Amino acid sequence: MKNITIGHVDPNWRAAAKARYYAERGDGEEYAFGTTPADALAKLEKREAAAHCKFDESLAEEIAFLALGAADVLKNHRGESLDAYDGYMGFIGEVIRHAPLLSERWRRVDAEEFGGVWLYDVTERFGREWAKELLNSAGENPAELLESIIIDEMEKW
C-alpha cells in the first residue's frame with residue numbers, strides 16, 4: 001500500500017477556491033482537495049472507492065461527447081467560479097453523470113427516423129446546453145432538455 005501525503009494546497013494549483021488542503025496517494029496516482037485535512041482525506045478515499053467500481057464501457061462515447069460539449073462552454077466562461085462543483089473536474093462530472101440518460105434514450109430512438117449523428121447532434125449538444133444550465137442555475141430538468149434537443153434535431157432531418 002502506498003503512502004498518503006496531506007499538505008497545504010499550492011496557490012498555483014487549479015483547485016476550488018475553498019480548498020486549503022490536498023491528500024495524495026503515492027506519487028500523485030490519486031489526489032483530492034478539501035477544506036480541512038480530514039475533508040481532503042475523505043474525498044481521496046471516496047475517489048479511490050469510485051475508481052474500483054466497474055467502468056461501464058458502453059457509456060464511454062456518451063461520456064466523451066458530453067465532456068466535449070461542457071468543455072466547449074467553459075472556454076467562453078474562463079474565470080467563472082466553479083466552486084459550487086468543487087472546481088473544473090466536479091463541473092464536468094455534473095455534466096457527464098447524465099450519460100446513462102442519453103444512452104437509454106438512444107436505445108428508444110428509431111434510427112430510421114433520426115437522420116443525424118446522435119453523438120454529435122444530441123449528446124455533445126446536450127453537454128453544451130446542460131453546462132449552460134448549470135452555470136445559469138436555471139433549474140431545467142435534464143430529461144426535458146434532452147427531449148427538446150431531440151425534437152429540434154429531428155425537425156432538421
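The values are calculated or read from the model by the stated rules, or taken from the named source; none is laboratory data. Not measured: the values here are computed from a predicted model. Heads up, the Cβs are rebuilt from the backbone with ideal geometry, glycines too, and the neighbour counts pull from every protein chain shown.
Things worth noting here:
- Within segment 122-132, one or more residues are outside the structural domain of residue 21 (by TED's automatic domain parsing) and touching a Pro at 6+ places or on another chain (Cβ under 9 Å).
- Residues of segment 69-103 classified as more than 28 Å from residue 18 (Cβ to Cβ) and not hydroxyl-bearing (Ser, Thr, Tyr), total: 3
- If the condition is being assigned to a loop (DSSP other than H, G, I, E, B) and surrounded by fewer than 10 Cβ atoms within 10 Å (Cβ to Cβ), then segment 101-114 contributes 108, 110, 111, 112, 113.
- Conditions (1) over 30 Å from residue 151 (Cβ atoms); (2) at pLDDT 85 or above; (3) within 17 Å of the chain's Cα centre (by Cα); (4) surrounded by fewer than 17 Cβ atoms within 10 Å (Cβ to Cβ): number failed by residue 50: (2)
- Residue check for residue 73: aliphatic (A, V, I, L, M) and either in contact with a Lys or Arg (Cβ under 6 Å, 6 or more places away or on another chain) or more than 19 Å from residue 153 (Cα to Cα) (or both): yes
- Taking the criterion of being more than 20 Å from residue 32 (Cβ to Cβ) and surrounded by fewer than 16 Cβ atoms within 10 Å (Cβ to Cβ), the residues of segment 73-100 that qualify are 75, 76, 77, 78, 79, 80, 100.
- Residue that is over 21 Å from the mean Cα position of the chain (by Cα) and at pLDDT 85 or above, where the choices are 38, 71, 64, 60: 38
- For segment 137-157, filtered to residues that are at pLDDT 90 or above and either under 14 Å from residue 94 (Cα atoms) or in contact with a strand residue (DSSP E or B) (Cβ under 8 Å, 6 or more places away or on another chain) (or both), the residue that is surrounded by the most Cβ atoms within 10 Å (Cβ to Cβ) is 142.
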